[in-house]
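K.L.:
Okay, here's the structure, questions in a sec.
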Amino acid sequence: MTTIAVLVGSLRKDSYNLRLAKSVERLAPEGTEFVYANLNLPLFNQDLEADFPPEATALKQLVEGADGVLFVTPEYNRSFSGVLKNAIDWGSRPWGQSSFAGKPAALIGASGGALGATQAQAALRNVLVFLDTKLMGQPEVYFNALTGFDENGELASSAEGFIKSFAEAFVKHVESSSAAK
């Protein structure tokens, strides 16, 4: 079983990004388990590190126990969400104890705009490289939610093949990274 920790950077009930993550999960190879992180965390404050919040500890344990991490980001003001940044900050603390270091990872994102979260992913890519994740380069998924989901909110049939190829490539990336250890 390959376990993927999923960090969806939107707390919105009807999040495009949660739908996209669920679509990747549905199309992933058999034997892959997706576990979704709770990103309802207190705002990162270094003063709280001495008494690490239990929600942040749970996030760190989820990431550390997973074989890989999927970051799913909306685009807010040409960058990734504060929710996701906050989770990354907690997961990378305390200094020298980052849960992300060496983890195979990928990033995707959906937005209602034609650019499909390209700018958010570019900004997030810089952070993930700094965190020393084993970031998958290809295929990239810049997902336009207005055309990529149908009227029922399901993945459009025209997008199925592409999202399936991403899911397969990501799981292969995770498994090959784990085999190289």
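The values are calculated or read from the model by the stated rules, or taken from the named source; none is laboratory data. Owing to the predicted nature of the structure, the values given are computational and were not obtained by experimental measurement. In this analysis, Cβ positions are derived from the backbone assuming ideal geometry, glycine residues included, and neighbour counts consider all displayed protein chains. Just the protein is used for accessible areas: all its heavy atoms, side chains included, with ligands, DNA and RNA removed. Shrake-Rupley method; radii C 1.70, N 1.55, O 1.52, S 1.80 Å.
K.L.:
Testing the spin-label approximation: label points 7 Å from Cα along Cα→Cβ at Ser157 and Asp47. State their distance in nm.
P.N.:
Modelled inter-label distance: 5.8 nm.
K.L.:
Taking only Cα atoms, what is the 0 to 90° angle, nearest 10, from helix 54-65's long axis to the longest principal axis of the chain?
P.N.:
Approximately 70 degrees, to the nearest ten.
K.L.:
Only residues of the range 137-158 count here: report those whose backbone N is under 18 Å from the spot 7 Å along Cα→Cβ of Arg12, or say none.
P.N.:
Under 18 Å, as judged by backbone N against the label point of Arg12, lie 142-156 of the range 137-158.
K.L.:
Where the centre of each part is set by its Cα atoms, how far does the range 1-64 sit from the range 144-181, in angstrom?
P.N.:
Comparing the Cα centres of the range 1-64 and the range 144-181, I get a distance of 17 Å.
K.L.:
Can you list which of the GluC sites (Glu not before Pro) found in the range 34-108 are DSSP loop residues with at most 15 other C-beta atoms within 10 Å?
P.N.:
Details: sites: Glu49, Glu55, Glu64, Glu75; in loops: Glu75.
Answer in residue order: no site qualifies.
K.L.:
Taking only Cα atoms, what is the 0 to 90° angle, nearest 10, from helix 157-179's long axis to the longest principal axis of the chain?
P.N.:
Roughly 40 degrees between the two axes.
K.L.:
Take each of the peptides 56-62, 92-98, 115-121, average the number of other beta-carbon atoms within 10 Å over its residues, and list them starting from the highest. All intermediate terms of the calculation are to be shown ahead of the outcome.
P.N.:
Values: 56-62: 17.0, 92-98: 13.7, 115-121: 22.1.
Packing order, densest peptide first, comes out as 115-121, 56-62, 92-98.
K.L.:
Compute the accessible area per residue over the chain, keeping the other protein chains in place, probe 1.4 Å, unit Å².
P.N.:
Working: 8790 Å² over 181 residues.
Here the per-residue accessible area is 49 Å².
K.L.:
Roughly how many nanometres apart are two label points built 7 Å out from the Cα toward the Cβ at Ala114 and Leu146?
P.N.:
1.0
K.L.:
With a cut-off of at most 10 other beta carbons within 10 Å, and DSSP calling the residue loop, which GluC sites (Glu not before Pro) in the range 1-36 qualify? Please list them.
P.N.:
Filter output for the range 1-36: Glu30.
K.L.:
Could you tell me how many degrees, from 0 to 90 and to the nearest 10, lie between the Cα long axis of helix 82-91 and the main elongation axis, the longest principal axis, of the Cα atoms of the chain?
P.N.:
Long axis of 82-91 versus the principal axis of the chain: about 50 degrees.
K.L.:
Let me ask another. Using the charge dipole of the chain (Lys, Arg: +1 at Cβ; Asp, Glu: -1 at Cβ; taken about the Cα centre), state which of Asn144, Leu27, Tyr16 has its Cα farthest towards the positive end.
P.N.:
Of Asn144, Leu27, Tyr16, it is Asn144.
K.L.:
Still on this structure, please answer the following. Rounded to the nearest percent, how much of the accessible area of the chain (1.4 Å probe, protein heavy atoms only) is carbon and sulfur?
P.N.:
Here carbon and sulfur together make up 51 percent of the probe-accessible area.
K.L.:
Does the range 11-61 come out rounded, prolate or oblate by the C-alpha gyration tensor, with a ≥ b ≥ c the root eigenvalues, rounded set by a/c under 1.5 and, if not, prolate when a/b is larger than b/c and oblate if not? Let's see the in-between values first.
P.N.:
Values: a/c = 4.75, a/b = 1.95, b/c = 2.43.
It comes out oblate by the Cα gyration axes.
K.L.:
So what's the net charge close to Ser23: Lys and Arg +1, Asp and Glu -1, counting the other residues with Cβ under 14 Å from its Cβ? Don't jump to the answer; show the numbers that get you there.
P.N.:
Working: positive: Arg19, Lys22, Arg26, Lys164; negative: Glu25, Asp150, Glu154, Glu160, Glu168.
Its environment carries a net charge of -1.
K.L.:
With the cut-off at 1.5 for a/c, could you classify the range 57-148 from its C-alpha gyration tensor as rounded, prolate or oblate? Before the final figure, lay out the partial values.
P.N.:
Working: a/c = 2.15, a/b = 1.81, b/c = 1.19.
Cα axes put the range 57-148 in the prolate bin.
K.L.:
Under 8 Å for C-alpha pairs, at least 6 residues apart: give me the relative contact order for the range 55-181, rounded to a whole percent. Provide the component values of the computation, followed by the final result.
P.N.:
On the way: 182 pairs, mean separation 32.2, N = 127.
Relative contact order, the range 55-181: 25 percent.
K.L.:
So, with +1 on the Cβ of K and R and -1 on the Cβ of D and E, and no other charges, what is the size of the charge dipole of the range 81-177 about its Cα centre, to the nearest 20 debye? Before the final figure, lay out the partial values.
P.N.:
Working: 7 positive and 9 negative charges, 99 e Å.
Magnitude of the dipole: close to 480 debye.
K.L.:
Share of antiparallel DSSP beta bridges in the range 43-181, in percent to the nearest 5?
P.N.:
Restricted to the range 43-181, the bridges split so that about 15 percent are antiparallel.
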